[in-house]
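The block underneath contains the structure these notes are about, expressed in structure tokens.
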Amino acid sequence: MESSARREEPLLTPRQIFERLNRYVIGQDEAKRTVAIAAHNHLKRIQARRLRRGSLIKKSNILLIGPTGSGKTHIARNLADILSVPFTTVDATEYTEAGYYGKDVEVMISDLLFKANHSVEDTQRGIIFVDEVDKIARRSQGARNGAGSRDIGGEGVQQGLLKMLEGREVFVPMNLTQAWNKSDFVQIDTRDILFICAGTFSDLHEYGEGGSRPLGFGSEEASRRVSKRISVKQLVDFGMLAEFLGRLPVMVQLQALGEPELLRVLTEPPDSIIREFRELLAYDEIDLDFTEEALREVVHFSVEKGLGARGLRSILEHVMADVMFEAPERGRGPFRVDGDFVRTRLSGLNAAQLGA
């Protein structure tokens with residue numbers, strides 16, 4: 001007969017979490033290791049609380065810093081799948097300080113509640129991915145448009161997030177479409193909700209601790225060296241509150257993916273884009289094949305335009321548009337995409353046309 005404390009499944013080890021992340025996330029090994037350790041410690045904390053043990057383990061909220069398309073959202077989403085918890089992505093720029101027009105920060109908990117099918121218990125162990133946190137940096141200069149200097153979308157949002165990041169019982173709207181209906185609220189404890197915040201912090205990531213960008217011969221190599229480490233002081237100078245950063249104890253920096261990594265992103269993961277296109281065309285009995293030269297052209301274009309892994313889908317959607325349109329009428333048989341096919345369709349194309 002089981003004791004009153006519910007029997008728990010063995011916790012996933014950091015290595016197990018890392019290996020599962022490794023199947024879907026290409027590159028960024030240091031980031032995956034750090035996230036795996038933070039996730040494991042988070043599971044230990046939740047287990048200790050479930051067994052009603054006193055615990056000194058603090059929340060392992062995570063701050064991901066890296067350029068667009070480096071895999072920040074991808075790591076967070078796959079981590080939620082591995083831990084089998086509800087997951088939601090929110091954009092920090094949609095929120096304002098309480099009392100002003102815009103979303104209150106509690107609405108992001110409401111979004112997680114919705115993803116958890118309104119199960120309070122599941123919501124309280126979910127993951128919230130807060131993107132674009134660099135856009136809510138404190139503005140040092142006042143507004144120059146007559147609106148005054150009240151920083152309702154920057155420092156005010158950081159202040160509003162503090163209590164949720166640390167862990168508090170908050171009242172959140174049950175219905176996302178009626179966030180202002182004060183009668184429909186539910187109490188959620190955020191102590192076991194894992195927050196993963198992310199931002200490009202583009203100036204800091206580009207210039208690193210050196211303060212200025214290296215120029216001249218060897219500048220690219222030098223730039224890569226100085227971009228490896230960003231300090232907490234730099235983030236505070238950038239406009240992030242020290243109290244806010246203090247509630248994100250795990251800081252992970254991701255590097256831009258190069259062509260070899262992007263080539264693996266296209267082909268290796270079980271849910272890779274190439275496999276998806278092959279499956280789509282298989283419904284029309286078309287056997288799709290990409291040559292290595294074609295894939296390298298796609299990857300080279302993404303790197304050249306600074307689109308990263310996120311841009312690969314947009315590029316392939318553009319390259320394959322005519323094929324997908326005509327597929328049901330083509331009839332069965334093989335179809336080969338080579339380098340010339342890709343180059344022809346990407347000729348004269350820019351990032352803006354891809355919506356990237």
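The values are calculated or read from the model by the stated rules, or taken from the named source; none is laboratory data. Keep in mind it's a predicted model, so treat the numbers as computed, not measured. Backbone-built Cβ (ideal geometry, glycine too); neighbour counts: all protein chains shown.
Observations, loosely collected:
- Annotation note: of Phe335, Phe325, Phe277, Phe301, the sole residue that is farther than 30 Å from Gln255 by Cβ, at pLDDT 90 or above and in a helix (DSSP H, G or I) is Phe325.
- Scanning region 247-268 for residues that are basic (Lys, Arg) and in a helix (DSSP H, G or I) returns a single hit, Arg264.
- Members of region 262-276 found to be buried (at least 20 other Cβ atoms within 10 Å of the Cβ) and farther than 22 Å from Asp287 by Cβ, listed by number: Leu262, Val265
- Meets criteria (under 29 Å from Asp29 (Cα atoms) and surrounded by fewer than 17 Cβ atoms within 10 Å (Cβ to Cβ)) for Asp91: yes
- Checked against the criterion of being basic (Lys, Arg) and over 16 Å from the mean Cα position of the chain (by Cα), region 64-75 contains not a single residue that satisfies it.
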